[in-house]
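S.K.: First the structure, which I've put down as C-alpha cells, then a few questions once you've had a look.
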Amino acid sequence: MTESYSNLQGCKIIQNANLFTIEFTYPSPVVCHSLVKTRILRGATISDDYKQVIFKAYSVQVYCQEMQAHKSNMAATLAASLGGQLKYMIDVLGHSFLGFNDENIIVIDGDRCAFLDCDLVCKINGDNETIMVNNLFTGCGFFVSPELKVKVLTKKVHYKTAYFSLGCLLLYTLLGKEIFDGIYQEYLLINNNSTAIFLKHLDLSPYKETKLYWLICRCLVEEPEKRSILFF
C-alpha cells in the first residue's frame, strides 16, 4: 500500500510498506546529510541528485498540536533530534537553519524528529560565524530571534539565531499553542530585553528547574554568542 503525505512545505513523503521516501522539490544535500549521518533516519540512502531520501521506519507522522498531549516527552525528543541535526549541520557541513517552525517537522517511530524546511538553510561565513539574511520578517513562517525582529532587507546575523528559534519551539511544545501564541505576539512588540517575557512564563510553568528548563534558558539568551544547546 502506497500513501503520500503532502502537507509539508517544499517536500512530500511517500510510504510503501515500511519504506518511506522524502521527495524534495529542489536538491537538498545539506538537509539530506543532516538526517542520514546523524541516524535520525535509519537504513537510509540518498539519491544522486539529492532530491530523495529513502529510509526504513514503522511510522512517520507530521508534527501536530495533538502530539503535545505528552508535552515533556515530545519536547525532549525535539530537543535531542533537532539539536543533533542542527549541530551536525553547523559543525560538519558549515550551514545552519535560519530558524524553526512547527509545520515542517516529522516524527519517526515516535522517538526521533526531523526538520525538513530547506528554504531556511543558510551557509555560515566561517570567518565571523555569521549568516546573510536577505528577507524581511514579521514573525511569520518561523520563530524569529531578537536580532531578526529588526526590519532590514540585508544583514548579517550570528548563526546561533537558530538556537533561539529552537528554544521557542520547545517552549511552544511545553506551553501549548494557545498560551504560547499570546506570549510570542507580545515578544514581537518588545524592543529591549525581549526574551524576559519567555523566561517569565517558563518560570511559572511546572517545568522550572528541569533539564528542559535549563536547555530552553540557554537557547533564549538575548546575546546570540552566549546561546548554547548543550544536551541533558
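The values are calculated or read from the model by the stated rules, or taken from the named source; none is laboratory data. Fair warning: this is a prediction, and the values are worked out from it, not measured in the lab. Cβ coordinates were reconstructed from backbone atoms using ideal geometry, including for glycine residues, and neighbour counts include every protein chain displayed.
S.K.: Restricting attention to segment 79-104, which residues are crowded, with 20+ Cβ neighbours inside 10 Å, modelled with pLDDT of 95 or more and farther than 22 Å from Thr130 by Cβ?
M.R.: Ala79, Ser81, listed by residue number.
S.K.: How many of the residues making up segment 186-212 are part of a helix (DSSP H, G or I) and among the hydroxyl-bearing types (Ser, Thr, Tyr)?
M.R.: So the count comes out to 1.
S.K.: Go through the residues of segment 161-182 one by one and say whether even a single one is more than 19 Å from Asn101 (Cα to Cα) and loosely packed, with under 14 Cβ neighbours inside 10 Å.
M.R.: No, segment 161-182 contains no residue that is more than 19 Å from Asn101 (Cα to Cα) and loosely packed, with under 14 Cβ neighbours inside 10 Å.
S.K.: Given the options Lys155, Lys160, name the one that is over 21 Å from the mean Cα position of the chain (by Cα), more than 16 Å from Ala75 (Cβ to Cβ) and not hydrophobic (A, V, I, L, M, F, W, C).
M.R.: Values: Lys160 fails: over 21 Å from the mean Cα position of the chain (by Cα).
Being over 21 Å from the mean Cα position of the chain (by Cα), more than 16 Å from Ala75 (Cβ to Cβ) and not hydrophobic (A, V, I, L, M, F, W, C) holds for just one of Lys155, Lys160, which is Lys155.
S.K.: In segment 159-214, which residues are in contact with a Ser or Thr (Cβ under 8 Å, 6 or more places away or on another chain) and of a type in the set (Val, Ile, Thr)?
M.R.: Matches in segment 159-214: Thr161, Thr210.
S.K.: Based on this model, can you work out whether Lys211 counts as within 29 Å of His70 (Cβ to Cβ), basic (Lys, Arg) and modelled with pLDDT of 90 or more? Full working, then the answer.
M.R.: On the way: within 29 Å of His70 (Cβ to Cβ): yes; basic (Lys, Arg): yes; modelled with pLDDT of 90 or more: yes.
Yes; evaluated as a whole, the condition is true for this residue.
S.K.: Please identify the pairs in which a residue from segment 203-232 that is within 16 Å of Ser165 (Cβ to Cβ) has its Cβ atom under 6 Å from the Cβ atom of a residue that is in a loop (DSSP other than H, G, I, E, B) and among the charged types (D, E, K, R), counting only partners at least 6 apart or on another chain.
M.R.: Between residues of segment 203-232 that are within 16 Å of Ser165 (Cβ to Cβ) and residues that are in a loop (DSSP other than H, G, I, E, B) and among the charged types (D, E, K, R), the close pairs are Cys219/Arg227; Val221/Arg227; Pro224/Lys160; Arg227/Lys160.
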